[in-house]
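Engineer: Quick one: this structure, given as structure tokens, is what I'll be asking you about.
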Amino acid sequence: MKTILTSIAIVLISLSGSTHELKLWYDEPAGEWLEALPIGNGRLGGMVYGGAPDERVQLNEESLWAGPIENRDRVGAWKHLDEARQLYFDGKYKECDQLMQREFMGPRVAPMSYQTLGELNLHFQHEGEISEYRRELSLGDAIASVQYKAGNTTYTREYFSSPADQVLVVHLSAGLSGSISFDASLTRSENAVISADGAGSLVMSGQADKGEKTEGVKFNALLKAVTKGGETSTNDGVLKIRGANEVTLLLTTATTYNHDDPLAACKTWMSAADKPYSELRENHVAEHRRLFERVSIDLGDSDMDDIPTDDRLKAVKDGGVDPDLVELYVQYGRYLLIGSSRPGDLPANLQGIWSEGIDAPWNADYHININIQMNYWPSEVGNLSECHEPFFDLVDNLREKGRKTARDVYNCGGFVAHHTTDAWWWTSAIGDVGYGMWPLGAAWCCHQLWDHYLFTLDENFLRERAYPIMKEAALFFHDFLTENPETGELVSGPSTSPENAFTAPDGQTARLTMGGSMDQEVIWDLFTNCLAAAKALNIDDDFTRKTADMLSRLALPGIASDGRLMEWPKEFGEPEPGHRHVSHLFALHPGSQFTLRGTPEYAEAARKSLEYRLSHGGGHTGWSRAWIINFWARLHEGETAYENVLALLRLSTLKNLFDTHPPFQIDGNFGGSAGVMEMLLQSQNGEIQFLPALPSAWAAGSVHGLRARGGFEVDMEWKDGVLTSASVRSGAGQPCRVVYAKPLSVKGRNAINAEHTDDGAIVFDTQAGQTYSLSVVD
């Protein structure tokens, strides 16, 4: 095992240029689920505890959902919309809230949660004391492993979930022939039956049924052992292995969400058992590396590879710094996205695909008022564009029910979605107006469709997929927007600023507003991007003309008397000034309406809002802190962004490097990973920015393979905080505009006519497939 691990490390080092290994490792088994190590192939996941003599691997399959339920749209609610708006404009804010709650909001029902598949349990018949224990996760190979001695015998286990063969694999070996003996079983806390199939395999059958009005999916799982030497038998739902030299366990699973006969699907995938373990491993590693190895990052050496990951994290929590750990965290985010979101899969939910129980926190659903969008922030810049595709499926899947919600609830065209959904793609406004009365979910999602186009310049994607969805989302707001009677400007509402509230002049707490800043920013973003997409596709029609007219009349956020960007249209009081959502800064990130170079007054107002929110305790959840890193990166505040990277590690990161809200939510992992990359490279508004928020703690380093909008791929190296070399590979042959703190020169295969602009940029034409070298002018 030691020889194998060393050879893997050498491969990683040679490919990345880094001097350390991309591994999480520990000197003891996981004591709880939040310490286990995740493996996944996009849809089939496992959490490896690494126990000895008793092992647990908690299992998930992405489509194992309870539900669905009946439609919760409040049909005809639109008849009360004018009255609610008038109440707001008359200053009767609480009455507006109450009317909207009474007439618009559907019920929040009993949990329809994403659920665990169950557990694979192994009980070993070891002799002697356990010693020399090591548990690890190789990010470069997507393989978890455990090695230890029992008595004088060394035992090794490797675990992976293969995207190539669609099986979860556990391989067991030992240093002494005939010494592998254990019992294997499948368990689930409810609604499952485990039996032997008569062919030496275990079969799990069950249903995600909460005993409510509706039933969830039916599912099957199949467990098979392939042994070298020894004897295999089944008894009372237990697979018994005795005296083997080597064992490979294979697990397949499927549900009725995608398969009429899930057991048949399991048996088809189980044909992988005919392949030798070496081939299964090779197939898996090759497919994982195809994506993972596109990017490498070096932020400086910590010389702490020989210290367990939990001890390294504790040292950071105690005030230390560890640039290697930050690099590991960034690459862990990319690893988790590859493991939870591949083309054809469901999108990564609030917990990716890794969820422990029957009733997950917030059902592990798809919150589309920040959380699921954040899941995909690393996808484009992190060179994992394919992993973004399940998110686009989500948006597309919302359209059918979203059209009905738009028509029946609002009497509007287009389609609409609210603050959350799940695998059944419902779009109703549900629960309390404070979180549920927010018809901007689909509109925000459309931002990422356009962003994918900007990164890839895939015109077919824009024409066939993105633009039709964006247009349909915009059509809803063509009908929904109304004039503010005081200003004549177009405003959205009544709507919440996600999950926040304000104090009305009469002292009452209210939730809903007309023309809240986030609404206006998201709609501005949607309309602007629709017009840009139409221009790219040479479309000029009634829709584009109406969109342009409405955009010109759209109310913009205000700047308060204290200089802060206003969250609400008026300077209301704030009952929770340190609220976890910072929704009114959408236009700073992920949007690009407000920028340092383009709208400095708004950028300064956003800065003051951010400072105020943080000074009152903001950023106290993991995902919120991750968003704050991205804000500071956009403001080019490298030191402050870095302080928040450290805060994310110190306050919101668990031993296995999972993000915690609390509880565990994976969005913080993805947002934090994206935030570090945003500190190193930005490309919004038609220009590439090298090292825009580089902190002094990363004075020397390199990055290879990050993606930039315009179809570019970027490598950079720096020393003493100054860029030493950079290269830009052009994928689409578009003009390239680069900004850096110092003047740059550019070289290519052929002579280049570069322009240096008055605002400090260098602009040059490119050819598709060519690489251009840039360096600082002495």
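Engineer: Go through segment 260-277 and count every residue that is closer than 14 Å to Met204 by Cβ and open to solvent by 40 Å² or more (accessible area, probe 1.4 Å).
Structural biologist: Just the residues of segment 260-277 that are closer than 14 Å to Met204 by Cβ, to begin with: 262-263, 265-267, 270.
Right, trim to open to solvent by 40 Å² or more (accessible area, probe 1.4 Å) and you get 263, 267.
Result for segment 260-277: 2.
Engineer: Within segment 25-51, how many residues turn out to be part of a loop (DSSP other than H, G, I, E, B) and either among the aliphatic types (A, V, I, L, M) or touching an Asp or Glu at 6+ places or on another chain (Cβ under 7 Å) (or both)?
Structural biologist: So the first thing to find is which residues in segment 25-51 are part of a loop (DSSP other than H, G, I, E, B), and the list is 27-32, 36, 41-43, 49-51.
Next, from what is left, pick out any that are either among the aliphatic types (A, V, I, L, M) or touching an Asp or Glu at 6+ places or on another chain (Cβ under 7 Å) (or both): 30, 36, 42-43, 49.
Matching residues across segment 25-51 total 5.
Engineer: Moving on to the next point. Among the listed residues Pro343, Pro347, identify the single one that is part of a loop (DSSP other than H, G, I, E, B), at pLDDT 95 or above and either within 20 Å of Val676 (Cα to Cα) or open to solvent by 20 Å² or more (accessible area, probe 1.4 Å) (or both). Break it down into steps so the answer makes sense when it comes.
Structural biologist: Numbers: Pro347 fails: either within 20 Å of Val676 (Cα to Cα) or open to solvent by 20 Å² or more (accessible area, probe 1.4 Å) (or both).
Unique residue meeting the criteria: Pro343.
Engineer: Also, quick follow-up: Considering every residue within segment 505-522, establish whether at least one is of a type in the set (D, E, K, R), open to solvent by 10 Å² or more (accessible area, probe 1.4 Å), in a helix (DSSP H, G or I) and at pLDDT 95 or above. Full working, then the answer.
Structural biologist: Keep residues of segment 505-522 that are of a type in the set (D, E, K, R), which gives 506, 511, 519, 521.
From what is left, the residues that are open to solvent by 10 Å² or more (accessible area, probe 1.4 Å) are 506, 511.
Next cut, in a helix (DSSP H, G or I) only: none.
Taking every residue of segment 505-522 in turn, none turns out to be of a type in the set (D, E, K, R), open to solvent by 10 Å² or more (accessible area, probe 1.4 Å), in a helix (DSSP H, G or I) and at pLDDT 95 or above.
Engineer: Inside segment 28-82, can you point out the residues that are within 29 Å of Asp209 (Cβ to Cβ), among the hydrophobic types (A, V, I, L, M, F, W, C), crowded, with 20+ Cβ neighbours inside 10 Å and at pLDDT 95 or above?
Structural biologist: Answer for segment 28-82, where residues must be within 29 Å of Asp209 (Cβ to Cβ), among the hydrophobic types (A, V, I, L, M, F, W, C), crowded, with 20+ Cβ neighbours inside 10 Å and at pLDDT 95 or above: Ala36, Ile39, Leu44, Met47, Val48, Val57, Leu59, Leu64, Trp65.
Engineer: Turning to a different aspect of this structure: Could you list, in sequence order, the residues of segment 563-579 that are touching a Phe, Trp or Tyr at 6+ places or on another chain (Cβ under 8 Å) and in a loop (DSSP other than H, G, I, E, B)? Please lay out each step first, then the result.
Structural biologist: In the first step, residues of segment 563-579 are kept if they are touching a Phe, Trp or Tyr at 6+ places or on another chain (Cβ under 8 Å); the result is 564-565, 567-568, 572-575, 577.
Result: Arg564, Glu567, Trp568, Phe572, Glu574, Pro575, Pro577.
Engineer: So which helices (runs of 4 or more DSSP H) are wholly in segment 614-720 and hold at least 1 residues that are over 26 Å from Asp301 (Cα atoms)?
Structural biologist: Values: elements: 622-634, 638-652, 667-680.
Here the list reads 622-634, 667-680.
Engineer: So which residues in segment 544-557 are more than 31 Å from the chain's Cα centre (by Cα), open to solvent by 20 Å² or more (accessible area, probe 1.4 Å) and either within 18 Å of Gln593 (Cβ to Cβ) or of a type in the set (A, V, I, L, M) (or both)?
Structural biologist: Ala548, Ser552, Arg553
Let's see how each residue does on (1) in a strand (DSSP E or B); (2) of a type in the set (D, E, K, R); (3) surrounded by 20 or more Cβ atoms within 10 Å (Cβ to Cβ):
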position: His123; (1), (2), (3): yes, no, no
position: Glu127; (1), (2), (3): no, yes, no
position: Leu137; (1), (2), (3): yes, no, yes
position: Lys149; (1), (2), (3): yes, yes, no
position: Tyr155; (1), (2), (3): yes, no, yes
position: Asp165; (1), (2), (3): no, yes, yes
position: Leu168; (1), (2), (3): yes, no, yes
position: Leu176; (1), (2), (3): no, no, no
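Engineer: Hey, does segment 182-193 have a residue that's open to solvent by less than 60 Å² (accessible area, probe 1.4 Å), farther than 19 Å from Arg56 by Cβ and either outside any strand (DSSP E or B) or out of contact with any Phe, Trp or Tyr (no Cβ under 6 Å at 6 or more places or on another chain) (or both)?
Structural biologist: Among the residues of segment 182-193, not one is open to solvent by less than 60 Å² (accessible area, probe 1.4 Å), farther than 19 Å from Arg56 by Cβ and either outside any strand (DSSP E or B) or out of contact with any Phe, Trp or Tyr (no Cβ under 6 Å at 6 or more places or on another chain) (or both), which makes the answer no.
Engineer: Then there's this: Can you name every residue in segment 558-570 that is within 28 Å of the chain's Cα centre (by Cα) and either charged (D, E, K, R) or open to solvent by 40 Å² or more (accessible area, probe 1.4 Å) (or both)?
Structural biologist: Selection gives Glu567 alone.
Engineer: Six or more apart or on different chains, Cβ atoms under 6 Å: show the pairs whose first residue is in segment 296-320 and closer than 21 Å to Val676 by Cα and whose second is part of a helix (DSSP H, G or I) and among the acidic types (Asp, Glu).
Structural biologist: From residues that are closer than 21 Å to Val676 by Cα, the pairs are Ile297/Glu327; Leu299/Glu327; Ser302/Asp324.
Engineer: Checking the condition in contact with a helix residue (DSSP H, G or I) (Cβ under 9 Å, 6 or more places away or on another chain) and in a loop (DSSP other than H, G, I, E, B), which residue from Asp303, Asp310, Asp324, Asp260 passes? Walk me through how you get there before you give the answer.
Structural biologist: Numbers: Asp310 fails: in a loop (DSSP other than H, G, I, E, B); Asp324 fails: in a loop (DSSP other than H, G, I, E, B); Asp260 fails: in contact with a helix residue (DSSP H, G or I) (Cβ under 9 Å, 6 or more places away or on another chain).
Going through Asp303, Asp310, Asp324, Asp260 in turn, just one is in contact with a helix residue (DSSP H, G or I) (Cβ under 9 Å, 6 or more places away or on another chain) and in a loop (DSSP other than H, G, I, E, B): Asp303.
Engineer: For segment 604-632, which residues satisfy the criterion of being farther than 26 Å from Ile666 by Cβ and surrounded by fewer than 20 Cβ atoms within 10 Å (Cβ to Cβ)?
Structural biologist: Residues of segment 604-632 farther than 26 Å from Ile666 by Cβ: 604-609, 611-612, 615-616.
Once the filter is applied, which keeps residues that are farther than 26 Å from Ile666 by Cβ and surrounded by fewer than 20 Cβ atoms within 10 Å (Cβ to Cβ), segment 604-632 yields Glu604, Lys608, Glu611, Tyr612, Ser615, His616.
Engineer: If Ile539 satisfies every condition in (1) of a type in the set (A, V, I, L, M); (2) assigned to a helix (DSSP H, G or I); (3) out of contact with any Ser or Thr (no Cβ under 6 Å at 6 or more places or on another chain) but one, which is the exception?
Structural biologist: If we test Ile539 against (1) of a type in the set (A, V, I, L, M); (2) assigned to a helix (DSSP H, G or I); (3) out of contact with any Ser or Thr (no Cβ under 6 Å at 6 or more places or on another chain), just (2) comes out false.
Engineer: Go through (1) under 24 Å from Ala225 (Cβ atoms); (2) in a loop (DSSP other than H, G, I, E, B); (3) among the charged types (D, E, K, R) one by one and return the number of the condition Glu119 breaks.
Structural biologist: Result: Glu119 fails condition (2) only.
Engineer: For segment 369-391, give me the residue count where each residue is in contact with a His (Cβ under 8 Å, 6 or more places away or on another chain) and surrounded by fewer than 21 Cβ atoms within 10 Å (Cβ to Cβ).
Structural biologist: Here the count works out to 1.
Engineer: Examine segment 571-587 for a residue that is basic (Lys, Arg) and either open to solvent by less than 10 Å² (accessible area, probe 1.4 Å) or modelled with pLDDT under 95 (or both), and state whether such a residue exists.
Structural biologist: Pass one, segment 571-587, residues basic (Lys, Arg): 580.
From what's left, either open to solvent by less than 10 Å² (accessible area, probe 1.4 Å) or modelled with pLDDT under 95 (or both): 580.
Looking for residues that are basic (Lys, Arg) and either open to solvent by less than 10 Å² (accessible area, probe 1.4 Å) or modelled with pLDDT under 95 (or both), one finds at least one in segment 571-587, hence yes.
Engineer: Considering segment 486-511 alone, what residues qualify as being touching a Pro at 6+ places or on another chain (Cβ under 8 Å), of a type outside the set (Gly, Ala, Ser) and under 23 Å from Tyr410 (Cβ atoms)?
Structural biologist: Result: Val491, single match.
Engineer: Looking at the structure I just gave you, is Ile338 touching a Pro at 6+ places or on another chain (Cβ under 8 Å) and either open to solvent by 20 Å² or more (accessible area, probe 1.4 Å) or under 30 Å from Gly711 (Cβ atoms) (or both)?
Structural biologist: Working: touching a Pro at 6+ places or on another chain (Cβ under 8 Å): no; either open to solvent by 20 Å² or more (accessible area, probe 1.4 Å) or under 30 Å from Gly711 (Cβ atoms) (or both): yes.
So Ile338 fails the test.
Engineer: Show me the helices (runs of 4 or more DSSP H) entirely contained within segment 379-481 in which 1 or more residues are free of Cβ contacts under 8 Å to residues at least 12 places away in the same chain and out of contact with any Gly (no Cβ under 9 Å at 6 or more places or on another chain). Spell out how you get there, then give the answer.
Structural biologist: On the way: elements: 389-397, 399-410, 433-436, 441-456, 467-480.
Helices (runs of 4 or more DSSP H) meeting the threshold: 467-480.
Engineer: With (1) open to solvent by less than 10 Å² (accessible area, probe 1.4 Å); (2) touching a strand residue (DSSP E or B) at 6+ places or on another chain (Cβ under 7 Å) as the list, and Leu654 as the residue in question, which single condition is left unmet?
Structural biologist: Here Leu654 clears every test but (1).
Engineer: If I filter segment 411-446 down to residues being within 15 Å of Leu475 (Cα to Cα) and open to solvent by 10 Å² or more (accessible area, probe 1.4 Å), which single residue comes out as nearest to the chain's Cα centre (by Cα)?
Structural biologist: Gly414
Engineer: Does Glu32 qualify as being farther than 30 Å from Ala417 by Cα and free of Cβ contacts under 8 Å to residues at least 60 places away in the same chain?
Structural biologist: Yes, satisfied.
Engineer: Out of (1) part of a helix (DSSP H, G or I); (2) over 36 Å from the mean Cα position of the chain (by Cα), the odd one out for Ser131 is which?
Structural biologist: Status for Ser131: all satisfied but (1).
Engineer: Still on this structure, please answer the following. Identify the residue in segment 748-778 that is more than 24 Å from Leu457 (Cα to Cα) and assigned to a strand (DSSP E or B) and, among all such residues, is farthest from the chain's Cα centre (by Cα).
Structural biologist: His756
Engineer: Can you pull out every residue in segment 302-331 that is surrounded by fewer than 18 Cβ atoms within 10 Å (Cβ to Cβ) and in contact with a His (Cβ under 7 Å, 6 or more places away or on another chain)?
Structural biologist: Asp305
The values are calculated or read from the model by the stated rules, or taken from the named source; none is laboratory data. Small disclaimer: the values here were computed from a predicted structure and weren't measured. Cβ: placed from backbone, ideal geometry, glycine included. Neighbour counts: every protein chain shown. What goes into the accessible areas is simple: the full protein's heavy atoms, side chains included, and nothing from ligands, DNA or RNA. Shrake-Rupley method; radii C 1.70, N 1.55, O 1.52, S 1.80 Å.
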